[in-house]
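Chemist: The structure under discussion is supplied below as structure tokens; questions concerning it will follow.
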Amino acid sequence: MEKYKNIVFIPARGGSKSIPGKNIKEINGKPLIYWAIMASCRCRFTDMVYVATDDRLIRETVEGFGIQKLKAVGRSEDSATDTASTELAMLQFAKEHEFENIILVQATSPMLTSQELEEGIQKFREPGIDSVLSVVRQRRFCWERCAGNRARPLNYDVVRRPRRQEFEGFFVENGAFYITSKEALLRTGCRLSGNIGMVEMQEDSYYEIDEPKDWEIVEHLLKLRESR
């Protein structure tokens with residue numbers, strides 16, 4: 001069995017409840033999963049892209065793309081339930097395949113580009129970095145409810161309220177990709193461990209497709225990107 005250095009793992013189960021069949025439902029003229037696949041396959045530093053699915057139609061759609069660098073593989077029923085963690089599917093895959101590093105890419109983040117994946121892998125190669133995740137910057141003022149039904153700010157001083165242009169904000173996981181080694185994944189059981197690096201993606205990558213309203217927003221953003 002050939003051992004690859006960098007592989008992409010895209011989990012795609014067939015049992016979505018909020019948007020039935022969403023992984024192969026067309027968005028901007030292509031199946032949703034197409035966008036994650038193309039970003040992954042066009043990345044210069046990836047050797048093979050695997051789509052792990054329990055669904056026959058998803059498998060047929062993936063195989064229909066006819067991409068040499070792309071392969072559909074099965075996944076167990078217990079890793080494709082509503083309550084199963086993505087890590088369970090990753091761990092089962094890792095125990096059955098030879099590779100050095102794994103890049104988890106989410107089909108629900110179609111705004112991902114191959115350039116951003118390349119930046120993530122380059123960050124992962126830096127000395128002292130054990131895993132990497134993608135993030136997006138948010139310039140919002142955050143609050144929390146505390147004792148006595150009171151509220152307090154988490155990330156700014158109310159008497160020195162900064163202008164938005166001057167506010168660095170904070171970083172939010174956008175779920176687009178995560179990178180770690182096979183050794184670290186099997187040892188920790190987690191997609192992130194050790195010293196974690198991050199790659200900042202464009203603001204429009206904040207949206208993940210989980211609900212029907214997300215679909216409308218992301219489709220509009222994809223059309224805007226292609227029109228530039």
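The values are calculated or read from the model by the stated rules, or taken from the named source; none is laboratory data. What you see is a predicted model, and the numbers here were worked out from it, not measured in a lab. Virtual Cβ from ideal backbone geometry, glycine too; neighbours counted across all protein chains shown. Quick note on the areas: whole protein, heavy atoms, side chains included, nothing else; ligands and nucleic acids left out. Shrake-Rupley method; radii C 1.70, N 1.55, O 1.52, S 1.80 Å.
Chemist: Can you tell me which residue in the stretch 87-110 is nearest to Tyr207 (Cα to Cα), limited to those that are open to solvent by 10 Å² or more (accessible area, probe 1.4 Å) and within 11 Å of the chain's Cα centre (by Cα)?
Modeler: Thr108
Chemist: Taking only the stretch 111-125 into account, find how many residues are open to solvent by less than 20 Å² (accessible area, probe 1.4 Å) and in a loop (DSSP other than H, G, I, E, B).
Modeler: So the answer is 2.
Chemist: Of everything in the stretch 39-59 that's open to solvent by 30 Å² or more (accessible area, probe 1.4 Å) and not acidic (Asp, Glu), which residue is nearest to Arg125 (Cα to Cα)? Give the steps one after another, and end with the answer.
Modeler: Keep residues of the stretch 39-59 that are open to solvent by 30 Å² or more (accessible area, probe 1.4 Å), which gives 42, 44-45, 47, 54-57, 59.
Now drop any that are not not acidic (Asp, Glu), which leaves 42, 44-45, 56-57, 59.
Details: Arg42: 19, Arg44: 14, Phe45: 11, Arg56: 36, Leu57: 36, Arg59: 32 Å.
This residue is Phe45.
Chemist: Only one of Ile67, Ile33 is in a loop (DSSP other than H, G, I, E, B) and of a type in the set (Val, Ile, Thr); which?
Modeler: None of the others qualify; the one that does is Ile67.
Chemist: Moving on. Looking only at the stretch 180-189, which residues are in contact with a Ser or Thr (Cβ under 6 Å, 6 or more places away or on another chain) and either open to solvent by 60 Å² or more (accessible area, probe 1.4 Å) or not hydroxyl-bearing (Ser, Thr, Tyr) (or both)?
Modeler: Once the filter is applied, which keeps residues that are in contact with a Ser or Thr (Cβ under 6 Å, 6 or more places away or on another chain) and either open to solvent by 60 Å² or more (accessible area, probe 1.4 Å) or not hydroxyl-bearing (Ser, Thr, Tyr) (or both), the stretch 180-189 yields only Ala184.
Chemist: Take the conditions closer than 22 Å to Cys190 by Cβ and surrounded by fewer than 17 Cβ atoms within 10 Å (Cβ to Cβ) and apply them to Ser76. Does it pass? Lay out the reasoning, then the answer.
Modeler: Values: closer than 22 Å to Cys190 by Cβ: yes; surrounded by fewer than 17 Cβ atoms within 10 Å (Cβ to Cβ): yes.
The answer is yes for Ser76.
Chemist: Here's something else I'd like to know. Output yes when any residue across the stretch 44-55 is farther than 22 Å from Cys190 by Cα and hydrophobic (A, V, I, L, M, F, W, C), and no when none is.
Modeler: Checked the stretch 44-55: at least one residue is farther than 22 Å from Cys190 by Cα and hydrophobic (A, V, I, L, M, F, W, C).
Chemist: Which count do you get for residues in the stretch 160-192 that are of a type outside the set (Ser, Thr, Tyr), modelled with pLDDT of 90 or more and part of a helix (DSSP H, G or I)? Talk me through it step by step, then tell me what you get.
Modeler: So in the stretch 160-192, the residues of a type outside the set (Ser, Thr, Tyr) come out as 160-177, 179, 182-187, 189-192.
Now restrict to residues that are modelled with pLDDT of 90 or more: 171-177, 179, 182-187, 189-192.
Restricting the remaining residues to those that are part of a helix (DSSP H, G or I) gives 182-187.
Counting residues in the stretch 160-192 that are of a type outside the set (Ser, Thr, Tyr), modelled with pLDDT of 90 or more and part of a helix (DSSP H, G or I) gives 6.
To keep it simple, each residue is scored yes or no on (1) within 16 Å of the chain's Cα centre (by Cα); (2) open to solvent by 60 Å² or more (accessible area, probe 1.4 Å); (3) touching a residue at least 12 places away in the same chain (Cβ under 8 Å); (4) more than 28 Å from Gly29 (Cα to Cα).
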| position | (1), (2), (3), (4) |
| --- | --- |
| Pro127 | no, yes, no, yes |
| Gln138 | no, no, yes, yes |
| Gly148 | no, yes, no, yes |
| Val172 | yes, no, yes, yes |
| Gly175 | yes, no, yes, no |
| Arg191 | yes, no, yes, yes |
| Ile196 | yes, yes, yes, yes |
| Glu203 | yes, yes, yes, no |
